[in-house]
1. Among the numbered criteria (1) out of contact with any Gly (no Cβ under 8 Å at 6 or more places or on another chain); (2) loosely packed, with under 15 Cβ neighbours inside 10 Å, which one does Ser38 miss?
2. Would it be correct to say that Thr39 is touching a residue at least 60 places away in the same chain (Cβ under 8 Å) and β-branched (Val, Ile, Thr)?
3. Pull up region 94-116, narrow it to residues that are farther than 24 Å from Gly144 by Cβ and hydrophobic (A, V, I, L, M, F, W, C), then point me to the one that is surrounded by the fewest Cβ atoms within 10 Å (Cβ to Cβ).
4. Assess whether His252 counts as being free of Cβ contacts under 8 Å to residues at least 12 places away in the same chain and at negative phi.
5. Mind checking which residues of region 39-79 are polar (S, T, N, Q) and assigned to a loop (DSSP other than H, G, I, E, B)?
6. Pick from Arg154, Arg145: which is in the same structural domain as Trp229 (by TED's automatic domain parsing), under 22 Å from His233 (Cβ atoms) and crowded, with 22+ Cβ neighbours inside 10 Å?
7. Could you check, for region 80-94, whether at least one of its residues is farther than 30 Å from Lys183 by Cβ, under 18 Å from the mean Cα position of the chain (by Cα) and not in a loop (DSSP other than H, G, I, E, B)?
8. Condition test on Gly238, is it surrounded by fewer than 21 Cβ atoms within 10 Å (Cβ to Cβ) and in contact with a Lys or Arg (Cβ under 6 Å, 6 or more places away or on another chain)?
Amino acid sequence: MGQAFDEFSRVNVEDHALTRNALLEDPNHDFETHYNRSTFMFRHGLKGHPLLELPSIIELGRRLEKTDAAYWSNGPVGVSARWEEGTSGRKSLTATLENIAENNSLVLLKSVVHDPIVGPLMREVLSTIIDFVGPALRDDVVCGRATFLIASPRRITAYHIDGDVNFLMQVAGTKLFAVYNQKDETLISRQEIESYFAGDSNGAVYKEERRHEATLHRLEGGYGAHVPWTAPHWAQNGDDVSVAVSFNFDTHTTERFGRIHKINRRLRSLGLRPRAPGASRTGDRAKLAAYRAYALAGRLKKVDLDQPDDFGWVPPRA
């Protein structure tokens, strides 16, 4: 996969005028129209912000060094790599960030929405996204998060899915970003999604023969892309250090469907063939009741009935 960025470098961003100092630009109302349905590109105003430059990020990393709010891995990985690859015997978080230009690493700083320095900016962006999307997100949101992604030149971020709705904003460097159709069950099966929600972060299985079916975004500083819930995606950086921020939302809808996927995983292990979330309102209600019973009995790994995790920010209600 080392040639992936070169091969797709012909994919260009659409040129939109960006209002000076604006956080987001949405001339075609894509946020409202395509939210959690399909991927799209957009312009943002985070490029060049001093809090998002590498020296500030290294200081942020030092503040998070002794917390559980960071993930990092050292060394090359492929598109189909597992998340634990490169995490054994790795350098410290600070050393990884300080040498990110040459150590073939990926760093995720996850609790930045609560950071006293950069947190206010992150919450402002989250609020702006909610305003751009409108009621579909505003009336459904549980919490928002922000995660910094810092990666070495040409570093690959492996194929995976996420359990939240994602708006990825490239701040510095370039990235080839491949996003697949989350509605295609021949590409991402219910079993793979169930495995993910049962606790396997590597549940989505990369299929090399389907590689060219992705929507390909060539992101550079000032551009972003939307990733719907459970849409598979992977990325490869260009020739410079990449800095991006992922703005994510948990919603009542995605949490409800995630819980149903967990119960479906249990039913499938018993030899049953459960229906997908949304296929039966009565069935969904029964599964959610079962989820609550299992969670309260301590039989599920993560009890997330009503409260967002510590990384989340709850927007104020009007």
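The values are calculated or read from the model by the stated rules, or taken from the named source; none is laboratory data. As the structure is a prediction and not an experimental result, all values here were calculated from the model. Note that we place each Cβ from the backbone using ideal geometry, even for glycine, and neighbour counts take in every protein chain shown.
1. (2)
2. Yes.
3. That would be Ala101.
4. The answer is no for His252.
5. Thr39, Thr67
6. Answer to the selection: Arg145.
7. no
8. no
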